[in-house]
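Read the structure below first, then the notes.
The values are calculated or read from the model by the stated rules, or taken from the named source; none is laboratory data. Source: prediction; values computed, not measured. All Cβ positions, glycine included, derive from the backbone under ideal geometry; neighbour counts span all protein chains shown. Side chains are part of the model used for accessible areas, which takes the heavy atoms of the whole protein and leaves out ligands, DNA and RNA. Shrake-Rupley method; radii C 1.70, N 1.55, O 1.52, S 1.80 Å.
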Amino acid sequence: MTAPVPGIEHRYSALRLFREGLRGQRGWTPAWRSPEPRRRYDAVIIGGGGHGLSAAWHLAKDHGITDVLVIEKAWLGGGNTGRNTTIIRSNYFHRESQVIYDASLKIYEGLSRELNYNIMFSQRGNIELAHAPSEMEGMRRVVNAMQVAGIESSLLTRDDVLAMVPLLDPSPYCRWPVFGGMIQRRAGVARHDAVAWGYARAADGMGVDIVQNCAVNGFRIEGGRVRAVETSHGVIEASVFGMAVAGASPELARLAGFRLPLLCMTLQAMVSEPLKPCLHHVVASTPNSAYVSQSDKGELVIGGGLEPVPSYARRGDLAKTREVLASVVEMFPAFSTLRLMRQWGGTVDTSPDNSPILGPSPLTNLYLNCGWGTGGFKAIPIGGKMLAHLMATGRHHDLSAPFGLERFATGRLIDEAHAGVAHD
Ligand code: FAD
Ligand code: PYC
């Protein structure tokens, strides 16, 4: 069980929960309203995932812009935000990435309190395994780069790793022998739905309208500006628009008349039956393309690399499931007897340098937040803040400036292909 967060208002005591159950839940109020959208807003955000909802909240909180609509074609967090394995860390190689992911991690550290919503952030530490001396050398460079940037991270010897993760196969002759590793102790996991719901409730509380089951199907463009979006609930005008639709980004860009350098791929994940606590850290092996953590419910949360071909199918195929499970069992022989409970996939939008796209689009009042690929859950707090800044001021936030679309023309790429499992 995750402990209550001090300072959080506990409106739903156990007794009240029990009474609500008996009374047919008549005393509950929805966490956010479901208004009919109006015909015009100051700002419209397309996409009710973590980034879109966080941006809506930051528009209201940081910039005082509350006449905002979030349009979600399905349900809040039903895209990648509710499908991911919730690893939050900032152990990236390039300074541009380190600063955004670490700023995000810092916001996550206080987010339950800030949103008055328990997102169950558990800083249990993220261990990346090295299986050979060459991998250890790569880790030395990452840890060094992080320490130079003032971000906590350290190398682990083989003995350190085996002491922290005793279920790893200690044999030097197994397929993936433990050679050493690196750890970021502030890294961890959070409850993904709670992140979406916490932002939604807080944004709604500041007057933001959130409309689910409403798809954007087209753009009305005049003189290089978006005048309105065509939705399944009618045409809606705004002065400024933000787009945070992850795996639907190329499709929406096409509707708006431009192209994005993104490839949509499936990333799958799965959970085992629940176990007594047996794995404290998040443990990842990038060379073996597999990672595992244990949820508060006791399930092992397991994932690996991308499916081999581009796809919009939100399910992984069996060959990849088997590959990932084989990798996990090779590293953790004790897990071989477990049953798998669920498996699913999400459509992620991967960019050529494995870094996000943040900034203006070719249309003057449409701003982009996309290309987070396999790693954008950890960036939701800062991604929303940067999109809100762009929408409110028309200018880059200091942190988003290196991530504009123009980098694919200038060649100033931020190559994070080796920044973790599933990133290449
Ligand atoms: P989403 O949550 O996908 O939200 C986009 C929303 O836009 C969706 O709800 C969608 O319905 C909506 N939308 C699409 N088209 C339209 C339209 N036409 N009109 C209106 N709405 C529309 N990241 C990490 O940091 N750590 C991890 O451990 C991690 N693990 C992952 C594991 C898996 C299996 C997957 C699939 C991803 C993982 N990720 C991870 C990546 C992370 O989930 C994403 O980068 C992040 O959730 C993106 O958030 P988002 O808000 O941009 O997108
Ligand atoms: O970003 O740490 C991450 C991650 C792990 C698996 C998928 N994404």
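If I compute solvent accessible area with a 1.4 Å probe over the protein chains, what percent of it on the stretch 282-424 is carbon and sulfur?
55
Give the separation of the Cα centroids, the stretch 101-140 to the stretch 351-424, in Å.
Centre-to-centre (Cα) distance: 20 Å.
Remind me, relative contact order of the stretch 226-352 in percent, using alpha carbon pairs under 8 angstrom and six or more residues apart?
This gives 31 percent for the stretch 226-352.
With the cut-off at 1.5 for a/c, could you classify the stretch 112-204 from its C-alpha gyration tensor as rounded, prolate or oblate?
Here the stretch 112-204 falls in the prolate category.
In terms of modelled amide H atoms, which long-range or inter-chain residues lie less than 5 Å from the amide H of ILE221?
ARG227
Quick one: which residues, 5 or more positions from ILE119 or on another chain, have an amide H under 5 Å from its amide H? H modelled 1.01 Å from N in the peptide plane, none for Pro or chain starts.
SER112
Could you pull the Cα extents of the chain along its three principal axes, largest to smallest, in whole Å?
66, 62, 41
Identify the trypsin sites (Lys or Arg not before Pro) of the stretch 320-424 meeting these criteria: DSSP loop state and at most 10 other C-beta atoms within 10 Å of the C-beta.
ARG339
What number, in percent, do you get for the relative contact order of the chain if the mean sequence gap of Cα pairs under 8 Å and at least 6 apart is divided by its residue count?
Rounded, it is 22 percent for the chain.
For the stretch 78-85, take each phi angle, set θ = phi - 60°, evaluate the Karplus expression 6.51 cos²θ - 1.76 cosθ + 1.60, and give the result in whole Hz per residue in order, putting x for glycine and proline.
x, x, 5, 4, x, 10, 9, 9
Which trypsin sites (Lys or Arg not before Pro) does the stretch 115-177 hold that lie in a coil by DSSP with at most 12 other beta carbons within 10 Å?
Answer in residue order: ARG175.
With labels modelled as points extended 7 Å from the Cα through the Cβ direction, what inter-label distance (nm, one decimal) is found for VAL148 paired with ASP398?
Going from the VAL148 label point to the ASP398 one covers 2.0 nm.
Considering amide H positions built from the backbone, and no H for Pro or chain starts, which residues 5 or more places from GLY404, or on another chain, come under 5 Å of its amide H?
Residues meeting the criterion, in which the H sits 1.01 Å from N, are LEU358.
Could you work out the mean projected area of the convex hull around the alpha carbons of the stretch 262-388, in square nanometres to one decimal?
The number I arrive at for the stretch 262-388 is 9.1 nm².
Work out Dmax and Rg for the stretch 139-248 from the C-alpha atoms and quote the Rg first, both in angstrom.
24.2, 66
Net charge within 12 Å of ALA215 by Cβ-Cβ distance, Lys/Arg positive one each and Asp/Glu negative one each, not counting ALA215 itself?
Cβ neighbours under 12 Å give a net charge of -2.
Considering only protein heavy atoms, with the full assembly of protein chains and a 1.4 angstrom probe, order LEU300, LEU340 by accessible area, largest first.
If we order LEU300, LEU340 from most to least accessible, we get LEU340, LEU300.
Take every DSSP beta bridge with both residues inside the chain and express the antiparallel ones as a percent of the total, to the nearest 5.
Just about 70 percent of them are antiparallel.
Can you work out the base-10 log of I(q)/I(0) for the stretch 310-350 at q = 0.18 1/Å, using the Debye formula on its C-alpha atoms alone?
-0.61
Can you tell me the accessible area per residue over the chain, all protein chains present, probe 1.4 angstrom, in square angstrom?
On a per-residue basis, the chain sits at 43 Å².
Tell me what the chain gives for mean residue ellipticity at 222 nm when only DSSP H runs of n ≥ 4 count, each as -39,500 (n - 2.57), the sum divided by the residue total, rounded to 500 deg cm²/dmol.
Calculated at 222 nm, the ellipticity per residue is -9000 deg cm²/dmol.
How many lysine pairs are close in the chain, with Cα atoms under 18 Å apart and the two 8 or more places apart or on different chains?
5
Starting from the Kirkwood radius over alpha-carbon pairs of the stretch 26-151, derive D by Stokes-Einstein at 20 °C in a medium of 1.002 mPa s and give it in µm² s⁻¹.
Estimated diffusion coefficient is 121 µm²/s.
Pop out the Kirkwood hydrodynamic radius of the stretch 34-78 from its pairwise C-alpha distances, inverse of mean 1/r, in Å to one decimal.
Hydrodynamic radius (Kirkwood, Cα only) of the stretch 34-78 equals 10.8 Å.
Before anything else, pin down the relative contact order of the stretch 43-190: Cα pairs under 8 Å, at least 6 apart, normalised by residue count, whole percent.
Reported as a whole number, the value is 26 percent.
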